[in-house]
Amino acid sequence: MPEKKAFARLPGSVIPSNYNIKLKPNLQTFTFEGDETITVDVKSATNTILINSVEIAIQSATFQAQGSSDISTGEISFNEEDEKVTFKFPAPLPVGKGELKIKFTGILNDKMKGFYRSKYTTPDGKEQFAAVTQFEATDARRAFPCWDEPAVKATFDVTLVVPKQKVALSNMPVISSTELNGDLLEVKYGTTPIMSTYLLAFIVGDYDYVEGKDQDGVIVRVYTPVGKKEQGLFALEVAIKTLPFYKNYFGIAYPLPKMDLIAIADFSAGAMENWGLVTYRETALLVDPNNTSSHVRQWVALVVGHELAHQWFGNLVTMEWWTHLWLNEGFASWIEYLCVDHCFPEFDIWTQFVNNDLGRALELDALHTSHPIEVPVGHPSEVDEIFDAISYSKGASVIRMLHNYIGDEHFRKGMNLYLTKFKYKNAFTEDLWAALEESSKKPIGQLMSTWTKQMGFPVLQVEEKQDGKSRVVTVTQRKFCADGLIPEGDKSQWMVPITICTASSPDKPATSGVLDSKNLTITLENVKASDWIKVNSGTVGVYRAQYSSESLERLIPAIKDKSLSPSDRLGLQSDLFALARAGMVSSVDVLKVAESFINEDNYTVWNDLSSNLSTVGLILQYTESYPQFQSFIRNLFRPISQIVGWDKKDGESPLISMLRELVLTKLGRNGDESVIKEATKRFEEHFMGAKILPADLRKSVYISILSDGNEDVFTKMLELYDKADMQEEKVRISRSLGTVRDEGLITKVLDFSLSDKVRSQDSVFVIAGVTGSVRGRQLAWKFVKDNWTKLYDRYRGGFLLARLIKATTEDFITEELAKEVEEFFKANPAPAAERAIQQSCENIRLNARWLNRDGDKLKEWLKSK
């Protein structure tokens, strides 16, 4: 890792208790005027006040001590590198309360951070702009000078001066609205609870809304683009169910009088949990009954569940510093599933957790360039790097494992203790462990520090021995690394909650224990010699398991007859693919196990299997065996495609719709002629308006026809893109375009990604769309290098830059390309993506090693099929 910049937090000599902020945004010139009065406590005599400010012009700063008529004017000096401003006063400020008054101006930037502008089109076709905010992690300082650190909490009184006809929102309800000269309104909002700067929000623009109340009388509104009110109804239903669910779960009422959710046209993240005013990408909030797929509907439910959980966990109790970010995000990423499972049991969402979160976490955390869940963070530029799958998905996974270990009742009691003790304050990770330890009487701190303070996770090697009617199971832990090589001198060891299920107890653990040393022996009574056993029942533990050939043989019939639960079937093959990539088991043997999923009917199991097979396909794309591999995929997926068919049946669960989309997409992408033929027919009917495709089929049809498509198909897709009124449909089309194989068309997709037809937040995903083929990957990487200045300027300091770099580099397979990537970024540094660059290069080298080791054996086996 590069050397960390020297960094010091703001001094504690002067601290704020209230900000009274007045802002007047100008949507024509993209500037804003502001003045604020900050009530402060001077804790020790000082003649300087040091706070955060960036890209703000400060006209004046004065200080007046409480009870004094003297007004002192500060000399203003900026430290742009550290994003700080110093006000130096002629004499020391007296200890006690006082008021710091600042007049300033700023810009409504186009970088999707701070106070920024977002472009949208009104129903009559006019282009308009909204002024919106995104402050997490450290961008409140772009909207007003402030103590922009999570531990420096204060209350906020916000006033906005806005054009009369615009909707103007902030965290609290409006308390007064006064007409001013020149068609303006001065809108004042209620005082917020004491909170961190990054949770403040204000929005000015054109919006419609739908409204409801939850069972406790909290007013809930979902704001949508004008004319699209009905697209907010699904999120409204989720929010109205979710707020009381969390109130009951935490034992604490939602503390604000209203809850607004709003869809923002230009938004870099998925959503942001501003207290009482949660902002979302349009695709993470809006649901259209005719145009939204089951997949997106489920995604919206999860994102709403995630952000509303933060209203307690993050907003009411806030991390002390960004080092503890994982606790906010990991916890919300876990409990969103609990909430969706409560609201929509038909989604079978916990099985999906194993694929969506645990799988992602294990994949990233097996790299030597991963990081511990809890990373010391100093300079603001380091914060964005940890908004990744370790903080979110591994964080969520260890919390799920912990919840399972101590049980729901003790977990809830501990959560209530923690939230009650620290409400309106800040906390450290250890504070949560202490509360859970108190409620469960288990060594939570000791156990969890092995998961949060050290990088990686173990693989448990499972040995079995039959002893009469008993099975003696010995599990031995060692660190799991993606290349199978443990770094020299590594002594990592975890406290691992272990569960084991058996043929006679497939759905709940037959036994459990804690592995707190190198190995553990467990005796299972009444297990027949022919019975299977599986370590990590329900795939709740954050580890891989490796079995002997004999143990695996016993498990294969349980995959075929599905007596093993879906999450266990998923976990088993997921572990095997990871072990194969690490060179710890044979890739050919893993493909043989994959064949035993021929009777599989669970969407989530297929989804995980499909993505694992894609990683094998990735290395085989560089060989002559790839056509045989595609034939293997078609043979594996064809039986399930015939069961789900093309058309939705009455009363069908959303998971079947998602399975149909997955299976048909996989077959179309892999050249299945009957799927491409049917997709082409249905696309033509859709394009002509004769028979519109259901939302759940569009992705499959688009990808199938584009993977086989020519210029004519491509042009028609662009025409549909231009006509699409809903952002979800634009995203679906733009992310599918890269499936084309023709070099000229790939180049057109890349050019299109940076055209003004594609929103800045979506360009990265359009570019990533072409990286599914060898040629597409090469062209995408060249495109990134050729347009680096523009791309870097657009995404610098944000996580989209890291995403772009990984998508366009990590799937290469030669040492030469790993070196080329390293050299390019040595010459063109991207500090916030430094870790992503290292992870990409590690993945390239892993791919190369895997192909060299297993390529010939895979070729022989595929030839024999």
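Every read-out reported here was derived from the displayed coordinates using simple, explicitly stated rules and does not represent laboratory data. This structure is a prediction, so every number in the text was calculated from the model and none was measured. Counting neighbours? That spans all protein chains shown, and the Cβs are built from the backbone with ideal geometry, glycine included.
Under 5 Å between amide hydrogens, which residues at least 5 positions from L185 or on another chain qualify, with H placed 1.01 Å from N in the peptide plane?
So L185 has HN proximity to V162, K164, L180.
With θ set to phi - 60°, apply the Karplus curve 6.51 cos²θ - 1.76 cosθ + 1.60 along the range 734-748 and write out the HN-Hα couplings as whole Hz, x wherever there is a Gly or Pro.
5, 7, 8, 3, x, 5, 4, 9, 5, 4, x, 6, 4, 4, 5
By the gyration tensor of its Cα atoms, with a ≥ b ≥ c the square roots of the eigenvalues, what is the shape of the range 596-639: rounded for a/c under 1.5, prolate for a/b over b/c, or oblate?
Verdict is oblate for the range 596-639.
So which aspartates and glutamates pass the test for K748, namely a Cα distance under 12 Å, with those fewer than 8 places away in the same chain ruled out?
Within reach: E711.
Looking at this model, which pairs from K666/K730; K592/K806; K113/K188; K560/K699; K164/K188; K441/K518 are more than 19 angstrom apart at the alpha-carbon? Walk me through the numbers on the way to the answer.
Details: K666/K730 21 Å; K592/K806 30 Å; K113/K188 24 Å; K560/K699 29 Å; K164/K188 14 Å; K441/K518 24 Å.
K666/K730; K592/K806; K113/K188; K560/K699; K441/K518, as the Cα separations exceed 19 Å there.
Kindly provide the pair-distance distribution of the range 207-312 built from C-alpha pairs, with 5 Å bins from 0 and whole-percent values in order of increasing distance.
Percent of Cα pairs in each bin: 2, 14, 26, 27, 18, 9, 3, 0.
Applying 1/(1 + (r/R0)^6) with R0 = 35 Å to the Cβ-Cβ distance of E719 and K863, what FRET efficiency is obtained, to the nearest 0.05? Please report the intermediate quantities before stating the final value.
Numbers: r = 43 Å, r/R0 = 1.23.
So the FRET efficiency works out to roughly 0.20.
Equivalent ellipsoid semi-axes for the range 615-766, as square roots of 5 times the alpha carbon gyration tensor eigenvalues: give them largest first, rounded to whole Å.
24, 22, 14
Based on alpha-carbon centroids, what's the gap between the range 454-493 and the range 759-796 in Å, whole number please?
40
Can you work out the Karplus-derived ³J(HN,Hα) for every residue in the range 364-370? Use 6.51 cos²θ - 1.76 cosθ + 1.60 with θ = phi - 60°, whole Hz, and x for glycine or proline.
Per-residue couplings from phi come out as 6, 6, 7, 6, 5, 9, 6 Hz.
Just how many % of Cα pairs in the range 293-390 lie over 16 Å apart, if you round to the nearest whole percent?
61
Straight distance only, please: which aspartates and glutamates reach the Cα of K785 with their own Cα at less than 17 Å, same-chain residues fewer than 8 apart left out?
Excluding near neighbours in sequence, the set is D751, D793, E810, D811, E816, E820, E822, E823, E834.
Once phi is turned into ³J(HN,Hα) by the Karplus curve 6.51 cos²θ - 1.76 cosθ + 1.60 with θ = phi - 60°, what whole-Hz value does each residue of the range 561-567 show in order, with x for glycine and proline?
Result, ordered by residue: 8, 6, 6, 7, 5, x, 5 Hz.
Let's test the formula: R0 of 51 Å, r as the Cβ-Cβ distance of K469 and R796. What FRET efficiency results, to the nearest 0.05?
Efficiency computed from Cβ-Cβ geometry: 0.20.
Divide, for the range 10-206, the radius of gyration over alpha carbons by 2.2 N^0.38 Å, where N is the residue count.
Computed over Cα atoms of the range 10-206, the ratio equals 1.04.
Mean residue ellipticity at 222 nm from the helices of the chain, using -39,500 (n - 2.57) per DSSP H segment of n ≥ 4 over the full residue count, to the nearest 500 deg cm²/dmol?
Result for the chain: -13000 deg cm²/dmol, rounded to the nearest 500.
Can you list, largest first and rounded to whole Å, the semi-axes you get for the chain by taking the square root of 5 times each eigenvalue of its Cα gyration tensor?
Working: eigenvalues 419, 220, 138 Å².
Semi-axes, largest first: 46, 33, 26 Å.
Using R₀ = 22 Å, calculate the FRET efficiency as 1/(1 + (r/R₀)^6) where r is the Cβ-Cβ separation of H342 and S653; round to 0.05.
Efficiency for this residue pair is about 0.80.
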